[in-house]
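Here the structure comes first, spelled out in structure tokens, and everything after it is commentary.
The values are calculated or read from the model by the stated rules, or taken from the named source; none is laboratory data. The structure presented is a predicted model; accordingly, all values stated were derived computationally and were not measured. Cβ sites come from the backbone with ideal geometry, for glycine too, and all protein chains shown count toward neighbours. Heads up: the accessible areas ignore ligands, DNA and RNA and are worked out on the full protein's heavy atoms, side chains in. Shrake-Rupley method; radii C 1.70, N 1.55, O 1.52, S 1.80 Å.
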Amino acid sequence: MATTSTRLRRLGTVAVAVALSAGVTLRDPPISSSDRGGPSLDAVRRKIADSNGVVPSRAVQESALIGSSAVNPLDILVVGGGATGCGVALDAATRGLRVGLVEREDFSSGTSSRSTKLLHGGVRYLEKAVFNLDYGQLKLVFHALEERKQVIENAPHLCQALPCMTPCFDWFEVVYYWMGLKLYDLVAGSRLLHLSRYYSAQESVELFPTLARNGKDRSLRGTVVYYDGQMNDSRLNVALACTAALAGAAVLNHAEVVSLLMDEVSNQIIGARIRDNLSGKEFDTYAKVVVNAAGPFCDSVRKMADKESQPMICPSSGVHIVLPDYYSPEGMGLIVPKTKDGRVVFMLPWLGRTVAGTTDSNTSITMLPEPHEDEIQFILDAISDYLNVKVRRTDVLSAWSGIRPLAVDPKAKSTESISRDHVVCEDHPGLVTITGGKWTTYRSMAEDAVDAAIKSGKLSPTNECLTNNLHLSGSEDWDPASFTVLAQQYVRMKRSHSGKVVPGVMDTAAAKHLSHAYGTMADRVAAIAQDEHLGKRLAHGYPFLEAEVAYCARNEYCESAVDFIARRSRLAFLDTDAASRALPRIIEILATEHNWDRTRKKKELQKAKEFLETFKSSRNAQFYDGKHK
């Protein structure tokens, strides 16, 4: 009982400290345009908000990179097109700097598309802050909660608040989690999404019907429901890339850094040798500063500058699985902060299915990480302890692994500096590296990296950072009810196998999907579905339309079949087999848009099939020895 009372006392003590500091930390007024550059911000906003705006073509973007020279370099060249890299490009471009970005695969092709899909402040970090009396951890939570609200406000069509239920199996857990999550609310302050609250056992199972009331000598005493954010991660990443392009950055996917260019006299990095992986063409791009935002691969970029550089990435594998929608109700997640072996387990509704996870284990760095069967079985085993539905391996529609780039400061004296926080360093002149951190704080990470780049290259931005209050492309004036306009004003014209065109309704599911995926650009996709007879669904049971393939090829730098099934739509993540069945039609439409020949179409199909093999659905994995069959 001494430990219990100590825990509760510490929660109370920290709550008082938070209340006192909240008055100073969290009552800052919202940033206005006059605070952040005045007319400059308004001009940028107008350009990004234009629903008829078109991003520059890929050829134009490549020409801008080729057009730089030693005497007329870019201000910043970003290496890596994940959340952080695209965030850096957007931040720098909106400060009036000349910016380029290259990504060897696709925007969000790595860790940024393989996340937990949560925008969170870190409930567990708050717990550590309380019990270790660690003000540093508490500041991280303050900061993440502030950024969480900002990300949601900057892209409301792709992000929303999600209630998360925490089950309690004794009365101490009820008090402990209720107090802890009330503290979480208090830390959020003015950035609070919604207040947490307690539900009785009966109320809880009404809200979450598959939640087990009894089992393993324990009974449910109730649940505490709190709120965090949820997002469509890769579409948010693509929105960042397109917004950066509209703001003037030259962003180029499928373009790989082959080597870094170095001044022979000063030994400073002055650019990069780049290979266009689609055409095979190589060219030099010059920049005053190179920002290395390559995520788990940032050490390989650093070694291009200095072969002796010490590694700063400690890679960790996070595996997630996707299950049918009946595992969790729409609009309510389940999070267990500490299972019997001390790990976090969760089940969250996501895009009409249920995503469950996660693991946290050491891994090697590879381009296409694959989940191990024992990790999938662990997740199934963990969630089965809390559900009254039979948990089956055959229900796994998709399973994927992502590599978390946990960062070690190369200047630190011990490995104890491994952190979930981010690290910005310049361990070679002209090369600024940003790594670590998490999706929720990508914007402030990018701001820190651009600040460091400005200092390194003695750059002259026209204004301060604007991204704290900048709607992404498709977000300005978006309304959650806008799907009704799509449903009423458009029809889905579908071409049958015989070639006959037949009209179909723009049903609620399709209209809602388009509105949430494309925001205010959704009417342009709906117009393609209607006017170009591309209104057919790509896969049975999913709202994705043929028109999206054409739209993404024209407006979102979708250059391959994998780009579409994994990052523009989320079909590969939601249902591997459905994605596989949709591939021929997707490739047919992309071939029309990009003038592919038969050889290219065949290559695209092969690459996409190989990609899907790394997603261990029940059909492409061996699990005969597993407990859940």
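Given Cα pairs under 8 Å that are at least 6 residues apart, what percent is the relative contact order of the chain? Before the final figure, lay out the partial values.
Numbers: 1287 pairs, mean separation 108.9, N = 629.
Once normalised by length, the contact order is 17 percent.
Karplus-based coupling profile of region 126-133, in residue order and whole Hz: 5, 4, 5, 4, 5, 7, 9, 6, with θ = phi - 60° in 6.51 cos²θ - 1.76 cosθ + 1.60 and x standing for Gly or Pro. Charged neighbours of residue 424, selected by a Cβ distance under 9 Å, balance to -3 (K, R count +1; D, E count -1). Test of understanding: extend the Cα→C-beta vector of residue 216 to 7 Å, then name every residue of region 357-400 with backbone N under 16 Å from that spot. The answer is 357-358, 377-392. Extension gain for residue 42-residue 71 works out to 7.3 nm (0.36 nm per residue, less the C-alpha to C-alpha distance).
Geometric descriptor of region 194-299, per residue, is 247 Å³ (volume of the convex hull of the Cα atoms). Is the shape of region 365-503 rounded, prolate or oblate, going by the alpha carbon gyration tensor and its root eigenvalues a ≥ b ≥ c, with a/c under 1.5 for rounded and a/b larger than b/c for prolate? Since a/c reaches 1.5 but b/c is at least a/b, the shape of region 365-503 is classed as oblate. In straight-distance terms, cross-link reach from residue 340 covers every one of the lysines whose alpha-carbon lies under 22 Å from its own, apart from those fewer than eight places away in the same chain; here that gives 128, 216, 390, 627. Applying 1/(1 + (r/R0)^6) with R0 = 30 Å to the Cβ-Cβ distance of residue 273 and residue 462 gives a FRET efficiency near 0.50. Couplings 3J(HN,Hα) of region 457-470, computed from phi: x, 6, 7, 10, x, 7, 7, 7, 4, 10, 6, 5, 9, 10 Hz, in residue order, whole Hz [Karplus 6.51 cos²θ - 1.76 cosθ + 1.60, θ = phi - 60°; x for Gly and Pro]. Karplus-derived 3J(HN,Hα) values for region 192-201, using 6.51 cos²θ - 1.76 cosθ + 1.60 with θ = phi - 60°, are 4, 7, 8, 6, 6, 7, 8, 10, 5, 4 Hz; glycine and proline are entered as x. Bridging of residue 307 to lysines at a Cα separation below 18 Å is possible for 411, once same-chain residues fewer than 8 apart are set aside. For residue 171, the accessible area of its heavy atoms, probed at 1.4 Å with every protein chain present, is near 150 square angstrom.
Summing +1 for each Lys or Arg and -1 for each Asp or Glu, what net charge is found among the other residues whose Cβ lies under 14 Å from the Cβ of residue 580?
Numbers: positive: 581, 585, 607, 609, 616, 619; negative: 575, 577, 604, 610, 613.
Result for the local shell: +1.
Put a dot 7 Å past the Cα of residue 59, heading toward its Cβ, do the same for residue 259, and the two dots end up 3.0 nm apart. At a Förster radius of 35 Å, what calculated FRET efficiency corresponds to the Cβ-Cβ distance of residue 160 and residue 455, to the nearest 0.05? For residue 160 and residue 455, the calculated efficiency is 0.45. Could you tell me the center-to-center distance, by alpha carbons, between region 361-399 and region 169-207 in angstrom? Result: 28 Å between the Cα centres. Report the net charge of residues surrounding residue 375, where surrounding means a beta-carbon distance below 12 angstrom and charges are Lys +1, Arg +1, Asp -1, Glu -1. Local charge sum for residue 375: -3.
Per residue, how much accessible area does the chain have with a 1.4 Å probe, in Å²?
Details: 25830 Å² over 629 residues.
It amounts to 41 Å² per residue over the chain.
Extension gain, residue 585 to residue 361, is 76.9 nm, computed as 0.36 nm per intervening residue step minus the present C-alpha separation. For a 4.7 Å threshold on C-beta separation, the list of partnerless cysteines in the chain reads 86, 159, 164, 168, 242, 298, 314, 425, 465. Label sites at residue 554 and residue 377, each approximated as a point 7 angstrom past Cα along Cα to Cβ, lie 5.0 nm apart.
May I ask you to work out the translational diffusion coefficient for the chain at 10 °C, viscosity 1.306 mPa s, via Stokes-Einstein with Rh from the Kirkwood sum over Cα pairs, reported in whole µm²/s? List each step's numbers first, then the result.
Numbers: Rh = 25.4 Å.
It comes out at roughly 63 µm²/s.
In summary, the lysines within cross-link reach of residue 494, defined as a Cα separation below 20 angstrom excluding same-chain residues under 8 places away, comprise 512, 536. Dimensions of region 411-569 from C-alpha coordinates, computed as largest minus smallest value along each principal axis and given longest first, are 68, 32, 26 Å. Each of 52, 502, 372 was placed along the dipole of the chain (beta-carbon charges, centred on the mean Cα), and the one lying farthest toward the positive end is 502.
Take the Cβ-Cβ distance between residue 600 and residue 195 as r, set R0 to 60 Å, and report the resulting FRET efficiency rounded to the nearest 0.05. Write down the numbers at each step before the final one.
On the way: r = 54 Å, r/R0 = 0.90.
Computed FRET efficiency for residue 600 and residue 195 comes out at 0.65.
The distance linking region 493-550 with region 253-318 is 40 Å (Cα centroid to Cα centroid, whole angstrom). Surface composition of the chain: carbon and sulfur atoms hold 52% of the protein heavy-atom accessible area at a 1.4 Å probe.
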